[in-house]
Every structure is written in structure tokens, then in C-alpha cells.
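Every number here is computed from the coordinates shown, using simple stated rules; none is lab data. Bear in mind that the values here come from a model prediction, so they are computed numbers and not experimental data. Don't worry about glycine lacking a Cβ; one is built from the backbone with ideal geometry, like all the others, and counts go over all protein chains shown.
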Amino acid sequence: MTTHPAQDDSTGAGLSHFNDAGGAHMVDVGGKPETRRIAVASGLVRMRPETAAVIREGRAGKGDVLGVAQIAGIMATKRTAEIIPLCHPLPITHVDVSLEVGQDLVAIRAEVATFGKTGVEMEALTAVSAAALTVYDMTKAIDRGMTIESIRLESKSGGRSGAWERTDG
């Protein structure tokens, strides 16, 4: 058996997304128990204060930035397996995408749930990414210097690995 370099981790267990030949493959989750799984992700779109004011006041030329970004995040959640090659399609049972306008940013949070054999981390991260890209798309005409940053998993629960929560702020 050839070992792919990425299979060698500190636990010695290897990464299950590699087959015996070292090639990528979709993990077989058939033997895993179905449990309620929840993941929360977050991210930021930083912008000029004037751009944040336009969004907050609903004056963007393309319409309701926050409403459209929220729908984009929900839609992206449901299509994650179509854009992330090794991600399993999941029966999503809940999606909540929220956006909050600050002085010079839009903060995005997504919570995704399923009852299944694998987690929804990728779906939550995809929701935040799509919502952030939508904010950018709808306001790029007034602020091309915006940055999308800090997209990250905040917490997850369910499955063999149990609950995990970010502790580094």
C-alpha cells in the first residue's frame, strides 16, 4: 500500500479522504449512526463606513443587500455537495443565516442542522461564503476595496467526535 503524505498525521490514524492508493475519494459513512448534527460558521465583509451606511439604510442600487445575501446563503447550503467535490449530499433540516451591519462591516452567521451520518460544517461555511460574496456583488459598484475575511467554523455538535466550540475568540 502506498501512503499519501497527507495520510500521515500525528495520531497515526490517517485522513479518511484518501484511498489505499493515496487518491482522494468520498468517505463511506454507511456504518455511522444517524445523529442530530449542528454547525455554526461566521465571517465578515469589511468595507468603508459609507458603504455600511448604504446597506443599513437600504439605499443600494441593486436592492435589499441583506435580504438577498440571506437567501443566497440558504440556497448555497442546499447545494454544497454540488460545489465541494467530496462532500456528501445531506437532508438539511434547518438553516438560519443572519447578517448584521456594523460601523464598517457586515457580520454573517450561519447555523445549519441535519439528522444524518455526517456533519454540516461545510454547509455552514458555504452559507457564510455565499452570503459574503453576495454582499460584495451587490455593493461592489460603490466599494471595490471590500474584503471578505475570517470565515470560520464556530461550533459543531453531533457524531462520533462530539461537540466542538471555538475558544480563541
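The figures follow:
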{"quantity": "Under the span-like rule (Cα at least 15 Å along the axis, Kyte-Doolittle mean at least -0.5), DSSP H helices of the chain", "calculated": "65-78, 121-139"}
{"quantity": "MRE, 222 nm, helices only [DSSP H, n ≥ 4, -39500 (n - 2.57), over the chain, to nearest 500]", "calculated": "-8000 deg cm²/dmol"}
{"quantity": "DSSP-loop trypsin sites (Lys or Arg not before Pro) across the range 43-97, with at most 15 other Cβ within 10 angstrom", "calculated": "Arg59, Lys62, Arg79"}
{"quantity": "Residue among Gly169, Val54, Val128 farthest towards the positive dipole end of the chain, charges placed on Cβ", "calculated": "Val54"}
{"quantity": "Fully extended contour minus Cα-Cα distance, from Lys62 to Ala163, at 0.36 nm per residue", "calculated": "32.4 nm"}
{"quantity": "Approximate spin-label separation Arg152-Met75, in nm, with each point projected 7 Å along Cα-to-Cβ", "calculated": "3.0 nm"}
{"quantity": "Span from the the range 112-169 Cα centroid across to the the range 38-74 one, whole angstrom", "calculated": "14 Å"}
{"quantity": "Total charge dipole magnitude, the range 16-127, about the Cα centre, Cβ charges on Lys, Arg, Asp, Glu only, Debye to nearest 20", "calculated": "140 debye"}
{"quantity": "Tensor-based shape of the chain (alpha-carbon gyration tensor, a/c under 1.5 rounded, otherwise prolate or oblate)", "calculated": "prolate"}
{"quantity": "Those lysines that a straight Cα-Cα span of less than 27 Å connects to Lys156, excepting residues fewer than 8 apart in one chain", "calculated": "Lys32, Lys78, Lys117"}
